[in-house]
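This report concerns only the one structure given below.
The values are calculated or read from the model by the stated rules, or taken from the named source; none is laboratory data. This structure is a prediction, so every number in the text was calculated from the model and none was measured. All Cβ positions, even for glycine, are placed from backbone atoms using ideal geometry, and neighbour counts span all protein chains on display. All accessible areas refer to the heavy atoms of the entire protein, side chains included, with ligands and DNA or RNA removed. Shrake-Rupley method; radii C 1.70, N 1.55, O 1.52, S 1.80 Å.
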Amino acid sequence: MYCTIHDNFAMIMLCPFLISQHHVFQSLREIIMYIDTAAVIWLVGALFGSMLFFAFTVAPTVFSTLSEEHAGLFLRAFFPGYYLWGLIVALIAAAIAMGTNATVSVALFLVALLFVFVRQTLMPRINHARDDELEGLPGAGERFKKLHLWSVLINGFQLLILLAAVGLLI
């Protein structure tokens with residue numbers, strides 16, 4: 001028995017990228033792969049969107065509305081959760097992608113590992129460099145700028161990986 005995407009409202013909701021195509025599913029396995037692919041695309045979209053939202057809305061708002069001291073306190077409280085969110089979403093998406101596209105799964109695991117690296121290694125170093133800068137230690141400001149730049153570059157690299165992952169799935 002065949003199930004067409006146009007005959008099944010649930011499939012249309014789960015696979016919006018297939019609405020314009022008249023596709024006939026040959027097996028339950030194929031239906032599951034489409035659902036898994038849609039789930040990965042949605043998770044990657046949620047992660048990508050939240051990362052962009054932070055970069056282009058949260059960060060500028062924090063620095064334009066809070067004093068430098070309070071902005072720093074807010075961001076130190078915010079970042080652990082931000083990186084944990086990214087890690088969890090990337091791991092879930094990577095696990096689901098294992099059944100549909102190994103390349104995408106590996107790419108998403110890389111994104112997850114980068115979240116761990118930034119949260120556990122880079123972020124404490126950035127905070128330490130900023131504290132040293134505030135205490136007036138020589139070279140601390142330059143170290144802070146370099147470490148912060150690394151975090152920005154890693155974030156941008158993660159965004160590119162996420163775009164590439166979706167590109168491989170659609």
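For this structure, a couple of remarks:
- Extreme residue, positive dipole direction of the chain, given options Ala164, Ser50, Ser64 (C-beta unit charges): Ala164
- Three-way shape call for the range 28-120 based on the alpha-carbon gyration tensor, with the a/c threshold at 1.5: prolate
- Carbon + sulfur, % of accessible area of the range 116-170 - ligands and nucleic acids excluded, 1.4 Å: 66 percent
- Full extension of the chain between Glu135 and Gln120 gives 3.1 nm of extra length, using 0.36 nm per residue less the Cα-Cα distance.
- Scalar couplings 3J(HN,Hα) for the range 51-60, obtained by applying the Karplus form with A = 6.51, B = -1.76, C = 1.60 to θ = phi - 60°, are 5, 5, 4, 4, 5, 9, 10, 5, 4, x Hz; x denotes Gly and Pro.
- With each label modelled as a point 7 angstrom along the Cα→C-beta vector, the Phe157-Val62 pair spans 2.2 nm.
- Cα centroid separation - the range 62-94 against the range 121-149, whole Å: 17 Å
- Relative contact order for the chain, counting Cα pairs under 8 Å that sit 6 or more residues apart, in percent: 21 percent
- For the range 52-170, the solvent-accessible area with a 1.4 angstrom probe is 58 square angstrom per residue.
- Among [x] 33.4, 108; [y] 20.4, 74; [z] 17.7, 60, the entry that matches Rg and Dmax of the Cα atoms in Å as calculated here: [y]
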